[in-house]
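Beneath this line is the structure, given in structure tokens, with notes to follow.
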Amino acid sequence: MDAYTQLGRFYEKLSEISGLPKVLLMNSGAEAVETAIKAIRKWAYKVKGVLENQAEIIVCSSNGRTISLISFSTEEQYQDGFGLLTSGFKVIPFGDAEALCVVLHFLLVSLRFGKCA
């Protein structure tokens with residue numbers, strides 16, 4: 001059997017495991033990142049109750065090709081000439097473990113005291 005004859009069964013199993021009625025398989029790269037951003041924002045708003053347009057996604061540096069991906073780049077050259085950029089990202093400079101610890105600490109404190117959904 002090849003992959004195509006198994007695809008329907010795979011979709012059914014994935015739907016069963018996820019508890020969702022639809023399955024969307026994506027390519028890698030920018031399209032995968034964009035889909036992940038959309039999925040996590042939808043989950044934050046619909047499942048976790050984050051106030052609309054308040055979700056922040058913690059990201060590290062990127063030099064991607066889409067507006068969303070270049071929006072969280074820490075390299076000015078990748079953003080130059082492409083504004084308005086996409087908001088809603090908490091950018092952690094690549095390799096800056098201390099900055100990541102600060103953001104995660106703030107997030108954990110906020111969760112503990114009920115300031116985040």
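Points worth noting:
- Number of the exception - PHE106 against (1) open to solvent by 70 Å² or more (accessible area, probe 1.4 Å); (2) of a type in the set (A, V, I, L, M, F, W, C); (3) not in a helix (DSSP H, G or I): (3)
- Among the residues of the stretch 23-46, those identified as over 15 Å from ARG65 (Cβ atoms) and open to solvent by less than 100 Å² (accessible area, probe 1.4 Å) are VAL23, LEU25, MET26, ALA36, ALA39, ILE40, ARG41, ALA44, TYR45.
- Of all residues making up the stretch 84-94, the number that are open to solvent by 70 Å² or more (accessible area, probe 1.4 Å) and either at pLDDT below 85 or among the hydrophobic types (A, V, I, L, M, F, W, C) (or both): 3
- Within the span defined as the stretch 56-74, every residue fails to be open to solvent by less than 90 Å² (accessible area, probe 1.4 Å), modelled with pLDDT of 80 or more and over 26 Å from GLY95 (Cβ atoms).
- Positions within the stretch 43-97 being part of a strand (DSSP E or B) and among the basic types (Lys, Arg), in sequence order: LYS90
- Qualifying residue in the stretch 39-61 (condition: under 20 Å from LEU104 (Cα atoms) and of a type in the set (S, T, N, Q)): yes
- Out of GLY49, GLY8, sole residue that is exposed (fewer than 10 other Cβ atoms within 10 Å of the Cβ) and at positive phi: GLY49
The values are calculated or read from the model by the stated rules, or taken from the named source; none is laboratory data. None of the values given here were measured: they were computed from a predicted structure. Note: ideal-geometry Cβ built from the backbone for every residue, glycine included; neighbour counts use all protein chains shown. Surface areas here come from the heavy atoms of the whole protein model, side chains and all, with no ligands, DNA or RNA. Shrake-Rupley method; radii C 1.70, N 1.55, O 1.52, S 1.80 Å.
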